[in-house]
Each structure stands twice: as C-alpha cells, then as structure tokens.
Amino acid sequence: MPSFPGAEAPAWVLRGLENGLGGICLFAYNVGERLPELTASLRAARPDVLIGIDEEGGDVTRLEVARGSSYPGNGALGAVDDTVLTERIAASIGADLAAVGVNLDFAPVADVNANPANPVIGIRSFGADYDLVSRHVAAFVRGLQGQGVAACAKHFPGHGDTEADSHLELPVARGDLAAALVPFRAAIQAGVRAVMTAHIVVPEIDDVPATVSRRLLTDVLRGDLGFDGLVVTDALEMRGLAGSIGVEEGAVQALRAGADALCLGHDLGDEAVGAISAAVVEAVRSGRLPDERLAEAAGRVARLAAWAARAAPVPDADRSVGLEAARRALRVEGDVRLRGLAAVVELLPTPNIAAGPFEHSLARLLGTGGDGNGQLVVVLRDAHRHEWAREETGRLIGAHPDAIVVETGLPLWRPERARGYVVTHGAGRVNLEAAVERLRGLK
C-alpha cells in the first residue's frame, strides 16, 4: 500500500493497480474537493482496491487537516465514557469516509496509555484503564464498520507503555503484555476487520520489532487471540523499522511473520514498490518466504475488499454529534469566563508526526485583542511532559493572576494559581470550539 502526493493518481499507480497492487494509503496531501474523483480513478483501475487513511478524529485527521476535525478524538471520548456516543462518532466518521470512496480506516487506536511519558499515543488513546479502552475500542469498531468502512485496531500488541516514538526510533514496551492485549481482544470480539502492527520490541516475547515477529503476529495474534482478518504493517518508512532492519528486508520479514498488507508510508512510492517487490520475489526464490504465505496474505486482502464491496448505502454524516461530544468532554475548574478581550499565549510543543502541524488554534477561534491587550489565556499541551511549559506558565500566572489555563492534552499537571482551568482532552477543532463557548460564556 504505497502513497503518492496530489489529487490525481500518477501513471505508475494506475499501472500497478492493473497489475496486482492491492491497495493505496492516502494522506493529507491527497485530500481536497477532487478526492472522490481520485478514489474513483483508483477503483476504475482495480475495482477491489483497498483505499486506506488515518482518520482517528481529534488530533489525527486527514480529511479535515485544513480546518481541524469535526469530531473529538479518543481521549475526549474516553473522558465522557459513553459507548453509545463513541459508536455515533465512529459512524459519522465512517459516513464521511465512505462518501469520498475510502474503505479502510486505520482506526481505532487500541493502545492503553499506561505510560504518561509516552510521546506519540497520549491523548490518541481512550485512556489509561484497560477495561475503559476495551469497551470504547469495540464501540468504535461497531460504528465505523456499520457504515461499510473497515476498522483497523492499532498498534498491536500495544504502543501505550513506551517512552519513544516509533516514527523516530525503535521503542521497547516494558509493561504487562497480557493487559495490553485486552483491547485487541475486544476489537476482535467486535468483529474488527484489520489490525495494524507496531514497530516496537516486546522483550518478554521476542527481541525483534513486533511487525516482523512471528511469535507475536502468528502465535499470539492468530493463535492466542484467534484473529483471522487482515494484518497490515505500520508504515515501513518509520525509523522504528527502517532504521533497524530496512524497508525491503522489513517487508520480507513482515510477510514471513504473518503480515498480509504492507503500508509503505508518506514518502515511499514508485521506486519503493519496485524495490520491495524485487526483494519479495528474491525471498521466495531463495526459499526464505514460502509462496503459500503470499497466497494466504493475498487471500485476506481479497476477502476484506469483498466485504467492503458489499457494504450497504451510507446515510449522511451527523456532524452535530462531534460538538456534542466535545462539550461533554470538557472539564472546567474555577472561573473561566472571559471579561473581555483575550490575549492568548500558546505554549505548545512540536506536534508528533502522527498528528502533524495544525492550522487551527484556540487563538484563531477565540479572537484576540490584536495589540496583545486582554485577559491572559495560556494554552498547553501535555504540560506534564514539558518542564519549560510548566515554568513559563508559572511565570505568566505570577504576572497575570486572572489568567485562564487551557490544557489540550493529558491533564496530568495543573497550575496552582490560575483563576480558571479548562481541559479539552484533545486539540481537534471541535474540542477548541467547545472551549471557546465556555470561555465566552455561551454554554
């Protein structure tokens, strides 16, 4: 499943689909008014193509990257803890995806954020409680797949108890594997059609990344958990795999371990497809990779595509449910109503690669005094992980005792002296809109 930039499929993609390429991963650089035409052209070249995208809601959106998501993400949904609401959100996301021709969503995140220092999961998780995460993962799967879009639980066997970002390096999971697997069991029981692997090492099982571990993909996922759907890798270009094993060798080892589909990533296209194909062919010729394993993988891809093709007509998305959920997810302490204009200071770390940079912001939605005058509003994200943000917040509150603090990440640190404190449980547009309503006294 390679990728390509732009709103029009290049010739190599269309040729590849006609000659057996099984799927495509879409990113924000493909999204625009012509997206339905793009997916239609892919399907014209191969009617059973899998078209995947990362649409988690909240901080991670591709469809609404230009304006921010209309739906809160998992952290907010876990804070509300209403599985009916989670299912409604997932159904609406599914309707949005089906309307533009996408049939595979790399969601929900089934990782339990058991480690507060985790730099890449965090607010993308439903929470730190295994049972809570499990029931919301199952609800999300039901809602999404009820709209004919395949769900993909990620990142197996659980990226939550790590302290590194697999986009940048190879993390090691130190927590309880049996507990980390609980949400994946729930997803499988709910009928999830796909599971995405993680580029992490789980020392209690194997000394290689999970993506290339037969013990994890075949013995645990297929054997112990009984999953017989599509196993898709996380992007092979990520440093957690590419930096330790390499893209081509990683592809061969992933297939041998039990993966069925290879997500290549944002920057790997035509040349990578050729190099990986050649590596797979050579592995079969040398006997390292049984061709029966390839036939099994292709069969699972075809089975998922057939399921998606049988999907029922999709109703319009109910976007009103997004703001409803975001309002319910707010946590408010103290006096948070602005007395006039706002002077917004955003103390935000560089976003992780999964989310990418945001074009929306609380400052833009709230409006400011223009010249810097107004009541101070300090915007944070995961302040518990960033000492510089905590120190600067303390300094600002000391100078402006009427300041209001808005935390858009995990609320694990609260400034002592702020007049008001708002927790949004996410930085999606709709999360920030709900916060603006409270700051303006509209709700």
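The values are calculated or read from the model by the stated rules, or taken from the named source; none is laboratory data. As the structure is a computational prediction, the values presented were derived from the model and not from experiment. Glycine gets a Cβ as well: all are built from the backbone with ideal geometry, and neighbour counts include every protein chain shown. Surface areas here come from the heavy atoms of the whole protein model, side chains and all, with no ligands, DNA or RNA. Shrake-Rupley method; radii C 1.70, N 1.55, O 1.52, S 1.80 Å.
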Out of (1) outside any loop (DSSP other than H, G, I, E, B); (2) out of contact with any Pro (no Cβ under 8 Å at 6 or more places or on another chain); (3) of a type in the set (Gly, Ala, Ser), the one Gly409 does not meet is (1)
How many residues are of a type outside the set (A, V, I, L, M), surrounded by fewer than 24 Cβ atoms within 10 Å (Cβ to Cβ) and within 24 Å of the chain's Cα centre (by Cα) when one looks only at region 206-217?
0
Can you run down the residue pairs with Cβ atoms below 9 Å, 6 or more apart or on separate chains, where the first is in region 243-270 and more than 28 Å from Asp224 (Cα to Cα) and part of a helix (DSSP H, G or I) and the partner is at pLDDT 90 or above and charged (D, E, K, R)?
Val247/Glu237
Got a number for residues in region 72-82 being surrounded by fewer than 24 Cβ atoms within 10 Å (Cβ to Cβ) and outside any helix (DSSP H, G or I)?
2
Among (1) assigned to a loop (DSSP other than H, G, I, E, B); (2) out of contact with any Gly (no Cβ under 9 Å at 6 or more places or on another chain); (3) not β-branched (Val, Ile, Thr), there is one condition Gly68 misses while meeting the rest; what is its number?
(2)
Could you figure out which of (1) out of contact with any Phe, Trp or Tyr (no Cβ under 8 Å at 6 or more places or on another chain); (2) farther than 23 Å from Gly374 by Cβ; (3) part of a helix (DSSP H, G or I) isn't true of His384?
(1)
Exactly one of these conditions fails for Gly367: (1) surrounded by fewer than 14 Cβ atoms within 10 Å (Cβ to Cβ); (2) touching a Ser or Thr at 6+ places or on another chain (Cβ under 7 Å). Give me its number.
(2)
Count of residues meeting criterion [in contact (Cβ under 8 Å) with a residue 60 or more places away in the chain and open to solvent by less than 60 Å² (accessible area, probe 1.4 Å)] in region 299-311
9
Of the conditions (1) touching a residue at least 24 places away in the same chain (Cβ under 8 Å); (2) open to solvent by 50 Å² or more (accessible area, probe 1.4 Å), Leu410 satisfies every one except a single condition; which number is it?
(2)
Given (1) crowded, with 24+ Cβ neighbours inside 10 Å; (2) closer than 29 Å to Arg381 by Cα, index of the condition Leu85 fails
(1)
Residues within region 361-402 that are at pLDDT below 90 and of a type outside the set (A, V, I, L, M), tallied
8
Given (1) over 25 Å from Pro411 (Cα atoms); (2) assigned to a loop (DSSP other than H, G, I, E, B); (3) open to solvent by 10 Å² or more (accessible area, probe 1.4 Å), identify the lone condition not met by Asn115.
(1)
Which of the following residues is within 22 Å of Glu64 (Cα to Cα) and either open to solvent by 10 Å² or more (accessible area, probe 1.4 Å) or not in a strand (DSSP E or B) (or both): Ala44, Ala40?
Ala40
Under 8 Å between Cβ atoms, which residue pairs at least 6 apart in sequence (or on different chains) link something in region 214-234 that is over 19 Å from Gly191 (Cα atoms) with a partner that is open to solvent by 30 Å² or more (accessible area, probe 1.4 Å) and outside any helix (DSSP H, G or I)?
Arg215/Ile205; Leu216/Ile205
Residues located in region 312-329, provided they are open to solvent by 30 Å² or more (accessible area, probe 1.4 Å) and in contact (Cβ under 8 Å) with a residue 24 or more places away in the chain
Ala312, Val314, Pro315, Asp316, Ala317, Asp318, Arg319, Leu323, Glu324, Arg327, Arg328
Among (1) surrounded by 14 or more Cβ atoms within 10 Å (Cβ to Cβ); (2) among the polar types (S, T, N, Q); (3) under 28 Å from Ser70 (Cβ atoms), there is one condition Thr350 misses while meeting the rest; what is its number?
(1)
With the checklist (1) open to solvent by 40 Å² or more (accessible area, probe 1.4 Å); (2) assigned to a helix (DSSP H, G or I); (3) closer than 26 Å to Glu437 by Cα in hand, flag the one item Glu296 doesn't pass.
(3)
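Select from region 218-235 the residues that are of a type outside the set (S, T, N, Q), modelled with pLDDT of 95 or more and open to solvent by less than 30 Å² (accessible area, probe 1.4 Å) and list them in ascending order. Please lay out each step first, then the result.
Filtering region 218-235 for residues of a type outside the set (S, T, N, Q) gives 219-232, 234-235.
Next, from what is left, pick out any that are modelled with pLDDT of 95 or more: 219-232.
Answer for region 218-235, where residues must be of a type outside the set (S, T, N, Q), modelled with pLDDT of 95 or more and open to solvent by less than 30 Å² (accessible area, probe 1.4 Å): Val220, Leu221, Leu225, Phe227, Gly229, Leu230, Val231, Val232.
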